[in-house]
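What follows is one structure encoded as structure tokens, with my remarks underneath.
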Amino acid sequence: MLNLDGVSAAYGASRVLFDISLSLKEGEVVTLMGRNGMGKTTTIRCIMGLLAPSGGEIRFLNREISGWPPEKIARLGAGLVPEGRQVFATLTVRENLVATAANRNNRENPWTLERIYDLFPRLRERHAQMAATLSGGEQQMLAVGRALMTNPSLLILDEATEGLAPVIRTEIWHVIEKLKAEGQSILLIDKNLSVLKRLADRHYIIERGRTVWSGGRAELERDSEQVQAYVGV
């Protein structure tokens, strides 16, 4: 579904990515890990067309998308839950959810308002409330719901649980587990190794703009000390 091969990128004269390679198959949950400032979000920006890569290849759903505009990549089937949530502050919960809603790939059981409200009952309770007045956790639920309303083939979550209260983090993880059980393909950035070990199929670690480690659950357990060295503070 998604393949990055030797991707590099820069902000002006400052190179940030040097050699990023990863792949994700349909129905997989794959993680992108590493300490802050190592290039995880920049990688996501390249995938979503928010930053044009300076080298390498990005293929999504068998198409070369390097340099495509973000709206074209989104229409193809990539849904992003960005770091910091970035909900539409002056719109209501309902308006946020329907603003970009679409079922371009003719999904058999598409995401609708009712399905999102069943997934996140708090959003039903606050459907007429302005997004700016929600708690951080509620805004994260809204950001996930907004991305799902585009009925994406691939859901990308950048720092899915960062800064959230423990009870909200648990709820978000439960939702991701439900999505995985339904066959949703997910690329996930997070730091919670204990949960990621159980939830994800495969893992990639970025260090200074390069993919330095990759493996499945067994490899993650085997190389736990090495992995901790890469992702620990």
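A few notes on this one:
- For region 77-86, 3J(HN,Hα) computed residue by residue from phi via the Karplus equation (6.51, -1.76, 1.60; θ = phi - 60°) reads x, 9, x, 10, 9, x, 4, x, 6, 6 Hz, glycine and proline entered as x.
- Our summary gives region 92-223 a relative contact order of 21 percent, counting only alpha carbon pairs under 8 angstrom and 6 or more residues apart.
- When only alpha carbons are used to place a centre, region 157-233 and region 101-132 end up 25 Å from one another.
- Take every Cα pair under 8 Å whose residues are at least 6 apart in sequence, average their separation, divide by the length of the chain, and the relative contact order is 28 percent.
- Peptides 138-150, 100-112 ranked from most to least packed by the mean count of surrounding Cβ atoms within 10 Å: 138-150, 100-112.
- Pairwise FRET efficiency - ASP118 versus SER23, Cβ, R0 = 41 Å, nearest 0.05: 0.80
- Value of relative contact order over region 87-152, rounded to a whole percent, pairs C-alpha under 8 Å and six or more apart: 56 percent
- Taking N as its residue count, the alpha carbon Rg of region 73-182 over 2.2 N^0.38 Å: 0.98
- In this structure, ALA102 and ASN62 have a Cβ-Cβ separation that, at R0 = 25 Å, corresponds to a calculated FRET efficiency of about 0.75.
- For region 134-140, Karplus couplings with θ = phi - 60° (6.51, -1.76, 1.60), whole Hz, Gly/Pro x: 6, 5, x, x, 5, 5, 5
- Mean shadow area of the chain, taken as a quarter of the surface of its Cα convex hull (nm²): 12.2 nm²
- Within straight-line cross-link reach of LYS178, lysines at Cα separation under 26 Å, skipping those fewer than 8 residues along the same chain: LYS25, LYS40, LYS191, LYS197
None of the figures in this text is laboratory data; all of them are computed from the coordinates on show. For clarity, every value in this text was computed on a predicted model and none was experimentally measured. In this analysis, Cβ positions are derived from the backbone assuming ideal geometry, glycine residues included, and neighbour counts consider all displayed protein chains.
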